[in-house]
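Below you'll find the structure, written out as structure tokens, and then a few comments.
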Amino acid sequence: MSEAPATDTSQSTNACPECGGRPETTRGETLCGDCGLVLSEYHVDHGPEWRSFADRDTDPKRTGAPLTRSRHDRGLSTEIGRSTRVKGRKRRQLSRMRRQHNRARIPTKRERNQVYAFTEIRRLTGSLSLPDRIRDHACSLFRSAQSEDLLQGRSLEGFAAAAVYAACRIASVSRTVEEVASAAKATEAEQSAAYDAINRELGLPVGPIDPAEYVPRFSSELELPNAVERQARKYVTEAAERGLTVGRNPSGVAAACLYTAARDASVGLTQRDTADVAGVTPVTLRSTYQKLRDGE
């Protein structure tokens with residue numbers, strides 16, 4: 001025997017206009033319990049305005065995923081999911097639908113290139129431990145380069161690496177060309193050619209690299225005291241005032257200043273270890289170190 005539908009026992013303060021009976025709310029409708037007149041058919045849902053995609057109450061969601069520049073469609077597209085419970089003919093049908101859906105989602109070669117390049121940019125920024133703002137800016141730079149037809153005859157991987165490096169330069173995030181190239185799928189020559197094209201055609205707001213940008217990261221990797229890092233910053237300022245940074249590798253200048261400050265503080269630090277962290281040769285480090293010592 002089926003159970004009767006649940007009925008809200010709370011009654012309206014207004015009586016039925018037809019018979020003066022008692023109104024009741026059942027299944028979203030307010031009706032008279034005596035004559036059956038429907039007084040209201042629109043029920044206000046007083047439940048929570050959020051929903052949980054994981055079928056639990058601990059992770060409420062009020063919106064979908066946020067828009068992102070790291071996706072070719074800004075993250076607005078949908079996907080047909082997979083399930084191990086679907087078998088046989090239904091499973092093959094869903095596979096065909098998924099394939100056609102992916103083709104419709106990426107209809108042109110231009111968008112396919114974006115999908116590939118944005119995937120490479122996300123991999124690079126993750127490998128280099130860069131923030132999301134660098135990732136999004138790099139994707140915007142790649143999109144701008146594609147709009148200016150700079151990709152013809154050039155490597156997609158090289159432009160992805162160049163966009164990441166350019167975003168780092170604009171945001172003053174210390175990453176060298178060698179560091180980006182070592183994590184990228186492109187060669188250093190491909191990355192340099194792509195960066196030159198982006199910088200020339202898009203007019204990037206970048207200037208000479210300040211060696212002081214590398215000092216904190218190099219100091220952290222070498223596990224040097226804070227006093228050595230502060231002194232190294234002073235040496236960088238002194239080197240800039242004396243013109244020692246002109247025509248020199250910024251990371252090499254930063255490494256030489258750290259090595260000089262470590263020698264002043266009697267901290268055991270070799271030229272080889274300092275040069276390896278900066279990605280330069282000990283000869284490059286010694287050249288700047290001797291120039292700093294000559295001015296004393």
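The values are calculated or read from the model by the stated rules, or taken from the named source; none is laboratory data. These figures come from a predicted structure and were not determined experimentally. Every residue, glycine among them, receives a Cβ derived from its backbone with ideal geometry; neighbour counts consider all protein chains shown. Side chains are part of the model used for accessible areas, which takes the heavy atoms of the whole protein and leaves out ligands, DNA and RNA. Shrake-Rupley method; radii C 1.70, N 1.55, O 1.52, S 1.80 Å.
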Handout entry: Qualifying residues in region 180-208 (those that are over 24 Å from ARG248 (Cβ atoms) and of a type in the set (Asp, Glu)) - the one surrounded by the fewest Cβ atoms within 10 Å (Cβ to Cβ)
Key = GLU201
Completion exercise
Given (1) within 19 Å of PRO131 (Cα to Cα); (2) surrounded by 22 or more Cβ atoms within 10 Å (Cβ to Cβ), PRO211 misses just (1)
Handout entry: Failed criterion for ALA232 (all others in (1) within 29 Å of LYS291 (Cα to Cα); (2) among the hydrophobic types (A, V, I, L, M, F, W, C); (3) open to solvent by 30 Å² or more (accessible area, probe 1.4 Å) hold)
Key = (3)
Fill in the blank from the handout: Output for Cβ contacts, cut-off 7 Å, separation at least six or different chains, first residue under 16 Å from PRO250 (Cβ atoms) and without any contact (Cβ under 8 Å) to a residue 40 or more places away in the chain in region 220-238, second assigned to a helix (DSSP H, G or I) and of a type in the set (Gly, Ala, Ser), reads ALA232/SER219; ALA232/ALA261; ARG233/ALA212; VAL236/ALA212; VAL236/ALA254
Problem - Members of region 180-204 found to be touching an Asp or Glu at 6+ places or on another chain (Cβ under 8 Å), in a helix (DSSP H, G or I) and closer than 18 Å to TYR116 by Cβ, listed by number - result: GLU190
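Going through region 249-276 one residue at a time, which ones are open to solvent by less than 50 Å² (accessible area, probe 1.4 Å) and more than 21 Å from THR237 (Cβ to Cβ)? Walk me through it before giving the result.
Kept after step one, since they are open to solvent by less than 50 Å² (accessible area, probe 1.4 Å), are these residues of region 249-276: 250-262, 267, 269, 271, 274-275.
Correct list: GLN271, ALA275.
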Fill in the blank from the handout: Conditions (1) farther than 30 Å from THR119 by Cα; (2) modelled with pLDDT of 75 or more -> ARG56 fails only (2)
Exercise for the section: Determine if region 219-227 includes at least one residue that is more than 26 Å from LEU128 (Cβ to Cβ), of a type outside the set (A, V, I, L, M, F, W, C) and crowded, with 16+ Cβ neighbours inside 10 Å. Expected result: no
